[in-house]
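Data block below; observations after.
The values are calculated or read from the model by the stated rules, or taken from the named source; none is laboratory data. All figures in this text were calculated on a predicted structure; none of them were measured in a lab. Here the Cβ is made from the backbone with ideal geometry for all residues, glycine too, and neighbour counts use every protein chain on show.
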């Protein structure tokens, strides 16, 4: 939110990405979650930080909401792998001024997440710091995991409205309240169940969750294994809340939808030979998925809007340092 | 190091300790590491925070040492369970001023830990923060796990010198350098291999690692399951570096050994019916363990020194908020 650029998260992740896949660490660093194998059991593990004035502001959410969201956001990474979330741990950084009541609100947020997502807090660590932060690590079991990295000419889908969470955040900054949009920012719902169904059926060639923005996460999705891949998405097909138009200009809506982030919706591609089966299954089971475009071999991300193909540069929200 | 008391870590842990053991979470919150069961595989999971000016100071250690120590300290919790460490993740909080080179030193510290302890970094998360911090979560496999909670009339052991790490920290504050003592503070070695051997042989009734001080961790060890338990340890039997006397008064040495913390040595009790077998095994295999006292049913912790039994109040270093 408020960081001066110096170098960005991608550079740092590259630095840490030297750890390659092997017989016990199946997917290498850089995917949504690590896939490990212990004896014959596959597990997905992911960690996520929520830091005050970086990932949240205490003026925009209650502590309970922030704690709940810390778990949601971490679980969304497991959803993106098709994992079955089971447990989480937390490292809590508490500033001096915090009261016991404020800390108990963290616990209440965790309890809500436990109930809502059927996961269990198994341990944690509390430490004093100048900055309030919650680091959550989630662990799930895996049967058929879905990595990033699409093939060409595959259809691209999202699991729900895009841009709403960023709109909610912008409304909070403007001191306005729209229940639907603000809720989407404050309490995103990781699409765990949908992801489990889609991956168990063998439909998907790749999947990611939208954290930093549709544009940048689409690029991460399609180019993960093959740099030559690209995609075209159709503006009119991207599901968007009708409420966006109540508060924002067309230009702002375009930016929020493509570059906003924080949606935690799934973004995935379907295997070509499963396309028909997938479409039937989705219709028969009334699943919330929306086709928004197609992968291609252009090496670039395009958005088709008002009869024009717009090339998107490395966009979206990348944490700057 | 520098926190004003408001309420302490124990209070907060109690708040989070409502999660009880069940069929998939075997030991409940409060032990050194969580023991979980996924299908038939038991795992130990633990997380630990290293926060600038709380757990370390950049003037006392290099960034590489701090990163290495972050992994060591987390692994020590797995050692205390008798686990076999396999993987770790990290959440990195990086302040604005950090250079790429400084971040690469974090990576170098992790690589050293990977090599030294045969564990693998499987993923992480980087975020900007005002405070430099490293949160590490470690995962290991478990066969026979050792919980806290001794029985009475069992012998108490430690795995190495106590008080050295705190002495090393104090020397750094005094701008003095003693290689042995400072090294013990900067680069503690988690006693993973020793713990694996001792637990696999079925010798132990309970185990913990010494993080906050011998006195407080002894109390946590013996009273974990039975509040009525107590212990007597013998001052002269506690292994201590001869170098302590070069720099510190007798009073200060007493404080550092009992209340200093940061040693990451194992503290454990041996089952009465395995005592003889244990003693023979230790002798034949030349293992570094030191008998320092006996558990009892007094409900209190005593130290025997110069012909006197001194009762120790809730001592040691508990993180204050």
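Only one of B:302, B:278, B:259 is surrounded by 14 or more Cβ atoms within 10 Å (Cβ to Cβ), under 30 Å from residue A:101 (Cα atoms) and assigned by TED's automatic domain parsing to the domain that holds residue B:176; which?
Working: B:302 fails: under 30 Å from residue A:101 (Cα atoms); B:278 fails: under 30 Å from residue A:101 (Cα atoms).
Answer to the check: B:259.
Is one or more of the residues making up the range B:129-147 buried (at least 17 other Cβ atoms within 10 Å of the Cβ), facing chain A (nearest Cβ under 7 Å) and closer than 14 Å to residue A:19 by Cβ?
No; the residues of the range B:129-147 include none that is buried (at least 17 other Cβ atoms within 10 Å of the Cβ), facing chain A (nearest Cβ under 7 Å) and closer than 14 Å to residue A:19 by Cβ.
Scan (1) over 22 Å from residue A:311 (Cβ atoms); (2) touching a strand residue (DSSP E or B) at 6+ places or on another chain (Cβ under 6 Å); (3) surrounded by fewer than 18 Cβ atoms within 10 Å (Cβ to Cβ) for the single condition residue A:152 breaks and write down its number.
(1)
For residue A:232, only one of the following conditions fails: (1) in contact with a strand residue (DSSP E or B) (Cβ under 8 Å, 6 or more places away or on another chain); (2) part of a loop (DSSP other than H, G, I, E, B). What is its number?
(2)
Within the range A:1-52, how many residues turn out to be under 28 Å from residue A:65 (Cβ atoms), in a loop (DSSP other than H, G, I, E, B), modelled with pLDDT under 80 and more than 8 Å from chain B (Cβ to nearest Cβ)?
Adding up the residues that qualify gives 2.
Return yes or no: is residue A:298 in contact with a strand residue (DSSP E or B) (Cβ under 6 Å, 6 or more places away or on another chain), under 22 Å from residue A:149 (Cα atoms) and assigned to a strand (DSSP E or B)? Working first, answer last.
Values: in contact with a strand residue (DSSP E or B) (Cβ under 6 Å, 6 or more places away or on another chain): yes; under 22 Å from residue A:149 (Cα atoms): yes; assigned to a strand (DSSP E or B): no.
So residue A:298 does not fit the description; no.
Determine whether the range B:67-82 contains at least one residue that is part of a helix (DSSP H, G or I), farther than 26 Å from residue B:217 by Cβ, at pLDDT 95 or above and outside the structural domain of residue B:209 (by TED's automatic domain parsing). Let's see the steps before the verdict.
Start the filter on the range B:67-82 by keeping residues that are part of a helix (DSSP H, G or I), which leaves B:67-79.
Next, only the ones that are farther than 26 Å from residue B:217 by Cβ stay: none.
Checking the range B:67-82: not a single residue is part of a helix (DSSP H, G or I), farther than 26 Å from residue B:217 by Cβ, at pLDDT 95 or above and outside the structural domain of residue B:209 (by TED's automatic domain parsing).
When you go through A:216, A:208 one by one, which is the residue that is assigned to a strand (DSSP E or B) and in contact (Cβ under 8 Å) with a residue 40 or more places away in the chain? So that I can check it myself, show each step before the final result.
Working: A:216 fails: assigned to a strand (DSSP E or B).
Among A:216, A:208, only A:208 is assigned to a strand (DSSP E or B) and in contact (Cβ under 8 Å) with a residue 40 or more places away in the chain.
Kindly evaluate residue A:237 against the criterion of being assigned by TED's automatic domain parsing to the domain that holds residue A:308 and at pLDDT below 95. Please lay out each step first, then the result.
On the way: assigned by TED's automatic domain parsing to the domain that holds residue A:308: yes; at pLDDT below 95: no.
For residue A:237, the condition - assigned by TED's automatic domain parsing to the domain that holds residue A:308 and at pLDDT below 95 - is not met.
In the range B:87-106, is there at least one residue being within 12 Å of chain A (Cβ to nearest Cβ), crowded, with 17+ Cβ neighbours inside 10 Å and without any contact (Cβ under 8 Å) to a residue 24 or more places away in the chain?
At the first step, the residues of the range B:87-106 found to be within 12 Å of chain A (Cβ to nearest Cβ) are B:87-106.
This time we only want the ones that are crowded, with 17+ Cβ neighbours inside 10 Å, so: B:87-94, B:98, B:103, B:105-106.
The next check asks that each one be without any contact (Cβ under 8 Å) to a residue 24 or more places away in the chain; those that pass are B:103.
The answer is yes, given that some residue of the range B:87-106 is within 12 Å of chain A (Cβ to nearest Cβ), crowded, with 17+ Cβ neighbours inside 10 Å and without any contact (Cβ under 8 Å) to a residue 24 or more places away in the chain.
Pairs needed: first member in the range A:150-178, without any contact (Cβ under 8 Å) to a residue 12 or more places away in the chain and assigned by TED's automatic domain parsing to the domain that holds residue A:266; second member anywhere, buried (at least 23 other Cβ atoms within 10 Å of the Cβ) and part of a helix (DSSP H, G or I); C-beta distance under 9 Å; at least 6 residues apart or different chains.
Pairs found: none.
Would you pick out the residues in the range B:66-86 that are over 27 Å from residue A:54 (Cβ atoms) and more than 10 Å from chain A (Cβ to nearest Cβ)?
To start, the set of residues in the range B:66-86 that are over 27 Å from residue A:54 (Cβ atoms) comprises B:72, B:75-86.
Listed by number, the residues that qualify are B:72, B:75, B:76, B:78, B:79, B:80, B:81, B:82, B:83, B:85.
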